């Protein structure tokens, strides 16, 4: 499950730091009770199944694709980039293209850059191409900062705060907003991971695009191969 597409791309890049002996091609499957992206539902507050394939080279280059149910449609993402680590600081820069099966005019692309140190991470994304996408127009900006901590018994907790800043002529009526998310995950080893998430934004009912602005609780399962 790609809870945060930028974070996933960064994570794939870090796979490139492993040796050639490690698997260079991996796959993942997932299901969530609500596909939430940057604080907003992408599945009409309903269940969504997903899956993806990733390739990581020991040079730091990576590429992948990911598909998920989204509203009454399918979202297919393609991404690639480069990542590494210097003096304990991880870095990643990449491109993600979001496509939708029933309406190509909703497709858009963004570039992103991310850094991580110890338990902290931060990143920025910038939309470079969009035709008639509801989710984004050209020059939209997204910033986030997050932290993750390991807990006993194979639990972990993650915190994310993100800021969406719409831009461009087509986004004149769109509002800036901040979203917040907390994730508690439990690793079950070869059986995958289960994540319990709580997400909210500072949008009110009139600002949320085509949906309510209530806090959301959702549960996700994912497994990598």
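Derivation of every value follows stated rules applied to the coordinates shown; laboratory data play no part. Please read all numbers here as calculations on a predicted model, not as lab measurements. Note: ideal-geometry Cβ built from the backbone for every residue, glycine included; neighbour counts use all protein chains shown.
Data table
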{"item": "Burial ordering of 25, 96, 157, 86, fewest other beta-carbon atoms within 10 Å first", "result": "86, 25, 157, 96"}
{"item": "The range 58-165: relative contact order in percent, alpha carbon pairs under 8 Å with at least 6 residues between", "result": "16"}
{"item": "Residues 144, 35, sorted so that the one with the fewest Cβ neighbours within 10 Å comes first", "result": "144, 35"}
{"item": "Residue-span extension gain [residue 104 to residue 87] - 0.36 nm each, minus C-alpha spacing", "result": "1.9 nm"}
{"item": "Fewest-first sequence of 182, 67 by Cβ atoms within 10 Å of each Cβ", "result": "182, 67"}
{"item": "Additional length obtainable on full extension of the chain from residue 149 to residue 198, 0.36 nm per residue less Cα span", "result": "16.0 nm"}
{"item": "Spin-label model distance (nm) - residue 74 vs residue 115, 7 Å beyond Cα toward Cβ", "result": "4.0"}
